[in-house]
1. Report, by chain and number, residues whose modeled amide H sits under 5 Å from the one on Val123, excluding near sequence neighbours (fewer than 5 apart, same chain).
2. Send over the per residue convex hull volume for the stretch 45-106, Cα only, as a whole number of Å³.
3. Check cross-link reach from Lys108 to the lysines: straight Cα distance under 20 Å, and skip same-chain residues fewer than eight apart.
4. HN-Hα J couplings of the stretch 298-313 from phi, Karplus 6.51/-1.76/1.60, θ = phi - 60°, integer Hz, Gly and Pro as x?
5. Enumerate the residues in the stretch 262-276 having an amide nitrogen under 11 Å from the point lying 7 Å beyond the Cα of Cys377 toward its Cβ.
6. Ranked highest first by the average count of other Cβ atoms within 10 Å around their residues, in what order do 190-201, 137-148, 301-312 fall?
Amino acid sequence: MTSGLTRLEPFDRALSAAEVLSAEERLRLATDAAEIGWWDVDDGVGRLSWPPRVKAMFGISADAPVCMDDFYNGVHAEDRERVLAAYAAAADPARRALYDVEYRTIGKEDGVLRWVAAKGRGVFDGTGGCRRMIGTAIDITDRMLVQDEKIARQREDAELRDQFIAVLGHDLKNPLAAIAARARYLARHPERADEIAGQIEQSVSRMSALIENVLDFARGRLGGGFVTTRDAAEPLEPVLHQVIDELRSVHPHVDIAVDIDLREPVACDRQRIGQLLSNLLGNACAYGDMTAPIHVHARAEAGWFELSVTNAGDPIEAGKVDRLFQPFFRGRVNANREGLGLGLYISAEIAKAHGGTITVSSENGTTCFTLRMPTSC
């Protein structure tokens, strides 16, 4: 008896043209469903076939004809050498490498930058020549943009961490060293206890302020934001005067001209607004010309509260204005003042928490920081 197996055709028989076309059609339907584009190059470097999906990745209209130049010219200049090298390796009969690359394209018609992930292989004939190159392409622009944003954020966080460690280490060491030195001096001169105790208290207050700024910064970076409790039940004006008086006691040589006129209640977190004013006044003392007065203006009317601090002195360099409210940014500071470079950043965050903004103008020998926010929640 003849076995049924003998009547079967060989397993590796050549497929008919109709079967090949059917297989290709099924493949194309599958790739369309998966939002994958296919591409086909005859004779390795000859005629190019792209469906509309791949044309869109190169910013080309669906009905526009394409050629290999569209591929070469569409690849971003910075990626072109790498992509063409990978393509040549896949078409090389001696290497027959997998064509597997991610690259940027610049749209031919729209100039839009996109990211493409492409894979493919060469199809070689009996003599070893590359007869075709076929493969797939996927638009990965959204994924790469998210990745780029993540990398940029990680880089920013690393830079902030380095700045944080360097600045905090420097600025907290100074008042701590001052406390230690005064404690040693006090041990040798107990008769000056009152004087030394006052100096130590000033250093402790300074350290406390630095630590509070650090905590505010950490809360903001961790997503907690600046917590505010806004109400208009208590007047804001006494808090503003208290802050000004405190600065006068620390800097008795500074002339502060005050003009406050609050014609309506201001719904705000008074402690935070006081902190903001303290930061702006401290900034004016650090960078301003102390031979001229500092002007503090406050107005509350027509639904808006404005608070400004103006000092004389050299203008802020144009290139630094946009960086003033970044954390840890410090310009040239006077010898009598140090800080973490967080004051203006925290002030801007306080303004934001109140639905307001801080702006700065620096020209004609004066610099003015202005808070503007609504008087009601």
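Read-outs: derived from the displayed coordinates by stated rules, not from any lab. Just so it is clear, the model here is predicted, and its values are computed rather than measured. Positions of Cβ are backbone-derived with ideal geometry, glycine not excepted, and every protein chain shown enters the neighbour counts.
1. Result for Val123 returns Arg131, Arg132, Met133, Ile134.
2. So the per-residue Cα hull volume is 85 Å³.
3. In chain and number order, the partners are Lys55.
4. Each residue's phi maps through the Karplus curve to give 9, 9, 9, 6, 6, x, 10, 10, 10, 9, 10, 10, 10, 9, 7, x Hz.
5. Correct set: 267-269.
6. On the way: 190-201: 12.0, 137-148: 14.8, 301-312: 17.8.
Going by the mean number of other Cβ atoms within 10 Å, highest first, we get 301-312, 137-148, 190-201.
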